[in-house]
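What follows is a short report on a single structure.
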Amino acid sequence: MQRNRRAEGGRIDRSRPLRFTFNGKPYEGYQGDNLASALLANGVRVTARSFKYHRPRGIVGHGPEEPSTLVELDGEDASGNRPATTVPLCDGLSARSVNCWPSPGFDLGGVNQLFSGLLPVGFYYKTFKWPGWHLFEPAIRKAAGLAAAPASPPASGHFEARHAHADVLVAGAGPAGLQAALKAGRAGKRVFLADEGTEAGGSLLNRALTIDGKPAMDWVSGTVAELDALENVTRLQNATVWAYREHNLVMVNECDPDRDGILERSWRVRAGEVVIATGTTERSMVFGNNDRPGVMLASSVQAYLNRWGVVPGQRVVLFTNNNSAYAVAADLAAAGVSVSAILDSRRTVAPEALDLVAGLTVHLATVVSEVRGHKGVRAVKAAPATGGAGTWIECDLLAHSGGWNPNVHLWSQSRGALRFDDDLAAFVPDQPVQACRAVGAAAGDLSLDRIIEGGADLAYGIEPLWRVDVPGQRGMAFLDIQNDVTVSDVHLALREGYSNVEHVKRYTTAGMGIDQGKTGNINIIGTVAMQQGVPLQDVGTTTFRSPYTPVSFGAIGGLREETVLFPYRHTPVTRWNKDNGAVMYEAGARWQRPGYFPKPGEGLQEAVNRECRAVREGVGVYDGSPLGTFELKGRDVPKFLDFIYANIMSSLHPGNGRYGLMLSDDGLILDDGVVLRLDAHRWLLSTSTGHADAVNQHMEKLLQTEFPDWQVMITTVTSQWNNATICGPRSRDVIRALGTDIDLSPEALPFMSFCDGTVAGFPARIVRVSFTGELSYEVNVAPRHMAAMWDKVMEAGAPFGILPVGSESSHVLRVEKGFLSLGHEVDGTVDAYDLGMGWAMSKKKADYTGKRSVMLRRASGRVRRELVGILPVDPDRQIPEGAPLTPGGRKEATEGLVTACVWSVVNNRWVGLALLENGHSRHGEIAHVRMKDDVIPITITKPVFHDPEGKLMRS
Amino acid sequence: MLLIPCPYCGKRNECEFIYGGPVGAKRPDPNAVNDAEWVEYLTVTPNPQGPVQEKWWHARGCGEWLVIWRDTRTHDIMEAPDDAT
Ligand SMILES: [Zn+2]
């Protein structure tokens, strides 16, 4: 039974009841409710336990400012740490409070309250620190008590991100925002109006105000109707403007679970002008036990009453320092709720305000010093503001108003300055920096008559009270309810020397968390100012960082899930590979390549051995298309290549190729690959698969920023050429069987040369390079011919036992030859000399990229880790790649690591490569791999285990 | 997200660009400088509070490398300061 629900009134639909559960108990609310209004309607007072002391808490606010009741949603809506005030009620909703177990009414963590004196501010910093942190961490993380991340992604629906452009973006659809949007819309501007509420109206939804003598909501619905009829206006509800970035980019998060399976949509709006109409947030009063369930913001009591038809208490006391609470009292009285007293800290009050509450008891110059009641307010102590004995007033609801803060978050994020306004006792927008303006309450116009012509409202009339401070006051006085930070915590921080407000925030955690101190920050600043005896302007605010309210990671990512953002890349042979049982790998730069081709029942190692044996003894073929390929044209290409490669390229003759190492100017190895000279001014440069983009960037940057007058044009031709690389002693026979007009004799087409012609009837370029150490022909064709070419290669190769070769086998074959793999042997420490490739570092060139730095580093004389071959003393012992080498296998600093270890079919044993300190002079020695529970002896050798002279690849 | 002016494409979102670092000293002749000068060239880049000249690559656009002046305090993209060299 909804015992606190009024029989009529409010913007809820009583004909549409909704069932929901809270902490396992069933309740009923109405369409139009949020979780908080439904809980209050059902008379649920204790809705949460506090973060640190596990004090019972109730609902405090009615929107994103809610500091107290955070819930975790179950089931399909699973999400954590949602303020109950921002969870729209829907049928079947299941929510639990965070911070308590087993329930907020009976919480075992509540014993912390007894020890609150032992949990001062900075307690964690002071107590749980290195070296013992790892001992405390698990227990602290468990007790830290905010909700866990959902275990699985939403069962259905997806997130989406969109870009938009607007002449005017209006943040907030309250009276000022609607008015600004209407004006811009009527002028024909592209308007983007985003409002965080479920419906437009802002504060007018909660208040019983009039415009031109008619209900203010009539004006709202008229304005909304006109806006919605304008094609140049986009109006979004449930859409929070949560960040204001540079160059007028505004982030909007739209939550609308019922549309098209989209859970949330993230908008990035680039706006000509931003109108900040974000309204205000009421702030708390600070007094003893100001966190008890039943202590609520006055404006929230008013919102529950008027908007949701809920009376959160039967006997109400109001406590205020400004006129806005008088309208709340009037609304309550009009609804028949018993208002016991209005306690006002001011000495005088404007007659208009008093007229509004004629017949009610008003005590001026009076404050609430303390609240009695544990799981709910039972009485408040009304004390003279200047000190003296107080009297207890019985009540079950205390509605308080400490004044109003313009919501300057977006303004501040736009880098606009803030100024403390003494009349308003609040920070308000000062000078703008970007193209934006604040309007309405966000600009400090805190009553409706100042915003809209014909709007009737009380003048604001605040006299600030940052905290109640009367003699004999008892109970914890919270500045930040969410983080359990009290006035004494801030005093302690100040005593310990954290005098800057940013330091106070970090040390005490005041103003952090989900609510970011929306109701309490100003009181923290006020408390610091009082203690230091300076004006609030001098204390300043902490930084207003985005997001204004929490945003889910899904919304930020949108549809940019991995395979959408970085689609896989395929060659024309992918289909064939998959049809032939390939296990596909990602081979860098998102290329999908076959790892190996197991026969039915065959494991990885057997398949790899079979493929390797085919290459070493017969013939194999692999698809080399993913290699990065660039065509360079222009008369300065030779000069350019000599600059970017460590060896000399300019001496290359047309028709020939050369392997080269590319360094960065800090002397690190950037890439390696083969360069072909096509003719006097055309060159073809190949890179490793994974580094193609980096090499392209490197070259373009040099040409465009360092050598703009050099005549070099780069065209990316990766995948403009595809190739089948046929390798093995029978590869020449296979190409002959395919049919070609190219002379394949070693004299006509030697190693590291190429020739254009036809192969199997297709225009082709044959390049004699070898990544396996065998006789090898790269047959390059246009992509449209690749699939057919591949079929012909398999057909012509069948009599020779040709096998497709995956990347696992390529790895084995290159390790047997000691060929470099950038991902294995090269890191940020090795240079060409360490790798035994000093020959690739030209002595003739005075300068090339990286030369000076390599020489500089080597001149230091420090011990180098050098590339060696390794043979496990036990030939059947495999060593994990990456395993460390230590002197004698002892538990000492490493002297190297194993970079690769493979089963060699030609040696019938495990062989490997390693980087080892002074390795070049240690051939023949025994070194040791140190494993967690084992030491493996290995013999150091030259890094080559097959055809050391390279006769086969030159054959 | 910055709005970066490309001389070919006009103002485009930062996510189309790749940052290329501040414009530092011109690469010296490595054989004409001492070790310290070479290391200085490699490792010390301008990092001012205020206008800095930087390189950006319109990689997901026209492919042009461009140079802008950006105020590191405000992200404002501006004309070269009067005393810029
Ligand atoms: Zn461009």
Report summary line: The correct count of residues that are under 30 Å from A:ARG162 (Cβ atoms) and of a type in the set (Lys, Arg) in the range B:1-45 is 2
Query - Count - residues of the range B:60-75 that are at the interface with chain A (Cβ under 9 Å from one of its Cβ atoms) and touching a Pro at 6+ places or on another chain (Cβ under 8 Å) - result: 2
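Among the residues of the range B:41-59, is there at least one that is within 10 Å of chain A (Cβ to nearest Cβ), surrounded by 15 or more Cβ atoms within 10 Å (Cβ to Cβ) and closer than 20 Å to A:LYS851 by Cα?
So far as the range B:41-59 goes, yes, one or more of its residues are within 10 Å of chain A (Cβ to nearest Cβ), surrounded by 15 or more Cβ atoms within 10 Å (Cβ to Cβ) and closer than 20 Å to A:LYS851 by Cα.
Need at least 2 residues that are without any contact (Cβ under 8 Å) to a residue 24 or more places away in the chain and farther than 27 Å from A:ASP423 by Cα per element, so show me which strands (runs of 3 or more DSSP E) inside the range A:261-349 make the cut, counting only ones lying wholly within it. Don't jump to the end; show me each part of the working.
Details: elements: A:262-276, A:280-282, A:295-297, A:315-320, A:338-344.
The strands (runs of 3 or more DSSP E) meeting that bar number zero.
Here is a list: A:VAL619, A:VAL675, A:VAL695. Which entry is β-branched (Val, Ile, Thr), in the same structural domain as A:VAL769 (by TED's automatic domain parsing) and under 24 Å from A:TRP721 (Cα atoms)?
On the way: A:VAL675 fails: in the same structural domain as A:VAL769 (by TED's automatic domain parsing); A:VAL695 fails: in the same structural domain as A:VAL769 (by TED's automatic domain parsing).
Sole residue among the options that is β-branched (Val, Ile, Thr), in the same structural domain as A:VAL769 (by TED's automatic domain parsing) and under 24 Å from A:TRP721 (Cα atoms): A:VAL619.
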Requested in this report: Give me the pairs, please: first residue somewhere in the range A:437-464 and surrounded by fewer than 18 Cβ atoms within 10 Å (Cβ to Cβ), second residue anywhere and in a helix (DSSP H, G or I), beta-carbon distance under 8 Å, and either six or more positions apart or on two chains.
Outcome: A:ARG437/A:ALA443; A:ALA456/A:LEU448; A:ALA456/A:ASP449; A:ALA459/A:GLU352
Query - Top-ranked residue in the range A:798-822 [being β-branched (Val, Ile, Thr) and part of a helix (DSSP H, G or I); ranked as surrounded by the fewest Cβ atoms within 10 Å (Cβ to Cβ)] - result: A:VAL812
Report summary line: If you go through A:SER688, A:SER650, the only one that is farther than 19 Å from A:GLY588 by Cβ and in contact with an Asp or Glu (Cβ under 9 Å, 6 or more places away or on another chain) is A:SER650
Query raised in the report: For the range A:838-853, which residues satisfy the criterion of being closer than 15 Å to A:GLY660 by Cα, within 40 Å of the chain's Cα centre (by Cα) and part of a helix (DSSP H, G or I)?
Result: A:LYS851
Query raised in the report: Which of the residues that make up the range A:681-698 are touching a helix residue (DSSP H, G or I) at 6+ places or on another chain (Cβ under 9 Å) and either surrounded by fewer than 20 Cβ atoms within 10 Å (Cβ to Cβ) or within 11 Å of chain B (Cβ to nearest Cβ) (or both)?
Result: A:HIS681, A:ARG682, A:GLY690, A:HIS698
Query raised in the report: Looking at (1) within 14 Å of B:PRO7 (Cα to Cα); (2) in contact (Cβ under 8 Å) with a residue 24 or more places away in the chain, which is the only condition B:GLU79 fails?
Result: (2)
Query raised in the report: For the range B:34-58, which residues satisfy the criterion of being within 15 Å of the ligand (Cβ to nearest atom) and part of a loop (DSSP other than H, G, I, E, B)?
Result: B:HIS58
Query raised in the report: Within the range B:1-33, which residues are more than 13 Å from the ligand (Cβ to nearest atom), farther than 16 Å from A:GLY667 by Cα and assigned to a loop (DSSP other than H, G, I, E, B)?
Result: B:MET1, B:LEU2, B:VAL23, B:GLY24, B:ALA25, B:LYS26, B:ALA32, B:VAL33
**Report entry** First in the range A:838-856 and within 7 Å of another protein chain (Cβ to nearest Cβ), second anywhere and part of a helix (DSSP H, G or I), Cβ under 6 Å, 6 or more apart
**Finding:** A:ARG852/B:TRP38; A:LEU856/B:ASP35
Query - the range B:59-85: number of residues that are within 16 Å of the ligand (Cβ to nearest atom), out of contact with any helix residue (DSSP H, G or I) (no Cβ under 9 Å at 6 or more places or on another chain) and assigned to a loop (DSSP other than H, G, I, E, B) - result: 1
Report task. Provide a single number: the residues in the range A:702-745 that are surrounded by 14 or more Cβ atoms within 10 Å (Cβ to Cβ) and more than 30 Å from B:PRO22 (Cβ to Cβ). Result -> 23
Query - Residue within the range A:550-557 that is among the hydroxyl-bearing types (Ser, Thr, Tyr), more than 19 Å from A:PHE478 (Cβ to Cβ) and in a helix (DSSP H, G or I) present - result: no
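The values are calculated or read from the model by the stated rules, or taken from the named source; none is laboratory data. Fair warning: this is a prediction, and the values are worked out from it, not measured in the lab. A quick note on method: Cβ atoms are made from the backbone with ideal geometry, for glycine too, and the neighbour counts reach across all protein chains shown.
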